[in-house]
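Some notes on the structure that comes next.
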């Protein structure tokens, strides 16, 4: 028999009881991942969105949660799909228009979630084996995944409620597993609705005892399958969480970052990769700040002579890792005052880099006015090294690392 | 009698469903912003993931679990199941890191860990934990059977 049928798969673990219980965790993980992904998109791309500067570790938490929840979702997804896999071979393949739409929504959900988790993990590993823009595709398909998840929940809600209200080992062979079947078996379904059961659920308790015994004889208990999913999910999260949570760093065997580097901070893009030449950052270097009414220029020595501030801020990469550091430099608001621009100005920060993306960034008003936002000249007590943005770089509270522009040469007031 | 189709808070189901359709619509709108050739590639990756899961990974798991089921008793399969799911997940996550194809020349701070050793150590710890859990389970089972056979 080449093509299996639903009945071919006999494991009791492949059941609504397991699918629902694992699905709850998977739904939470996907929701956290989606919401934190939207927040990251807002922080990076939505100029009108008032992304707050406090707490200064805000982006560290949201982006760390994004990566950790995505990785934690992988084992849950594997077990969830395993538990419902026999449904792929249900006969007839399509029973009605509603059934066809339901199957289509499930295909969209599975394809979108696999896509998101796969390219997300590959992005963390810096492996780009596709021609499309990662950010655009990851963002668009995330909406499809989240929307398909909601559709799936809407369609399956009665089954989910029934499955969750019954003991995990209870016989659920009579539960409808699709809305199409719900249409076909009204009596059976209605009689199993927990709301229609007598108080105490005596029948189910009896079924639990019988089914627990049956599971011992005929397969692994379902609760073991559910526990396996959650334990694996926790271990997967632990393998990467240390990239964002410093005290877990030693356990983060699969984190892309070592957690350290020159001057105690990892480097995402080196000066060579950004096309920074020695000439560009040599003695002729000048910083230019342009407002509507004035233009100011400073050499590196002149910047060093300005009032210096020292702040402790984390730097957070969009790929999830983050590190605390002490930064010293000139407040952006001091530079703006020198060219008669208000502290609450929207700024374009332009780098000397000639290669790769993010050669410039836009700094929103709330960040430019924040006293913690610096044009940093020093890192952890030492002058910035070339790969960290020498001669000067932006550092602002709760801001994605790709927008903490390095090798800054020009600042323009744009609003 | 509660109608099955309308059971489970129909208003809530409708709201969730409409919300889902809106989100899918936003996603499709954003996909249309991707140029046609790249959109085809996105479609290819979506289909490839689904295909690989449904027709490669899942059948392989089904066949291998049948083989495992023949060799081990049900009780003996509990702890290995936890270990297998954990190791399979860790392996999937580690795969793109193992050969460090994404490493940048001159930047040892990214992808700078020994991922092969880290992955192997994690798997060994999982196996060790599974073995300890198995032993603890057997000890508990023996104690339980002794207590049940001790005359009162």
Semi-axes of the equivalent ellipsoid for chain A, Cα gyration tensor, largest first, Å: 55, 20, 19
Quickly work out the residue A:410-to-residue A:8 label distance, labels modelled 7 Å from Cα along the C-beta direction, and quote it in nm with one decimal. 6.4 nm
When only C-alpha pairs under 8 Å and at least 6 residues apart count, what is the relative contact order of chain A, in percent? 19 percent
Return A:59, A:128, A:85 ranked ascending by Cβ neighbour count within 10 Å, so the fewest neighbours appear first. A:128, A:85, A:59
Percent RCO, i.e. relative contact order, over chain B, from Cα pairs under 8 Å lying at least 6 residues apart: 19 percent
Enter the angle in degrees (range 0 to 90, nearest 10) between the Cα long axis of helix A:58-84 and the first principal axis of the Cα atoms of chain A, meaning the one along which they spread out most. 20 degrees
The relative contact order of segment A:319-391, taking Cα pairs under 8 Å that sit 6 or more residues apart, comes to a percentage of 39 percent
The simple spin-label model distance between residue B:139 and residue A:87, using points 7 Å out along Cα→Cβ, in nm, is 4.2 nm
Indicate the gyration tensor shape class of segment A:264-413 (rounded, prolate or oblate), computed on the Cα atoms with a ≥ b ≥ c the square roots of the eigenvalues: a/c under 1.5 is rounded; otherwise a/b larger than b/c is prolate and the rest oblate. rounded
Going by Cα centres, segment A:230-291 and segment A:1-47 are how many Å apart? 30 Å
Contour minus end-to-end for residue A:344 and residue A:284, with contour as 0.36 nm per residue of separation and end-to-end as the Cα-Cα distance? 18.6 nm
Please give the helix A:16-45 orientation as an angle from the longest Cα principal axis of chain A, in degrees from 0 to 90, rounded to the nearest 10. 20 degrees
With r defined as the distance between the Cβ atoms of residue A:260 and residue B:22 and R0 fixed at 45 Å, what FRET efficiency is calculated, to the nearest 0.05? 0.55
Compute the long axis of helix A:134-165 from its Cα atoms, compare it with the longest principal axis of the Cα atoms of chain A, and write down the angle in degrees, 0 to 90, nearest 10. 30 degrees
Could you work out how far the C-alpha centroid of segment A:69-100 sits from that of segment A:297-355, in angstrom? 50 Å
Give or take rounding to whole Å, what are the principal axis extents of the alpha carbon atoms in segment A:113-155, in descending order? 37, 16, 11
Computed FRET efficiency, Cβ-Cβ of residue B:9 and residue B:105, R0 60 Å: what is it to the nearest 0.05? 0.55
From fewest to most C-beta neighbours within 10 Å, the residues B:34, A:129, A:411 line up as A:129, B:34, A:411
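Sort A:164, A:377, B:90, B:67 by Cβ crowding within 10 Å, fewest neighbours at the top. Let's see the in-between values first.
Values: A:164 15, A:377 21, B:90 25, B:67 9.
Going from sparsest to densest Cβ surroundings: B:67, A:164, A:377, B:90.
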What FRET efficiency comes out for the pair residue A:312/residue A:134, r = Cβ-Cβ distance, R0 = 25 Å, nearest 0.05? 0.20
For segment A:17-100 the translational diffusion coefficient, Stokes-Einstein from a Kirkwood Rh over Cα pairs at 10 °C and viscosity 1.306 mPa s, in µm²/s, is roughly 104 µm²/s
Note to self, the protein assembly as shown gives a 222 nm [θ] from helices alone (DSSP H runs n ≥ 4, -39500 (n - 2.57) apiece, / all residues, nearest 500) of -18000 deg cm²/dmol
Correct semi-axes for segment A:214-351, from √(5λ) of the alpha-carbon gyration tensor and rounded to whole Å with the largest first, are 50, 17, 14
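No value in this document is a laboratory result; all are computed from the given coordinates. All values derive from a computational prediction rather than experimental measurement. Neighbour counts run over all protein chains shown; Cβ positions are idealised from the backbone, glycine included.
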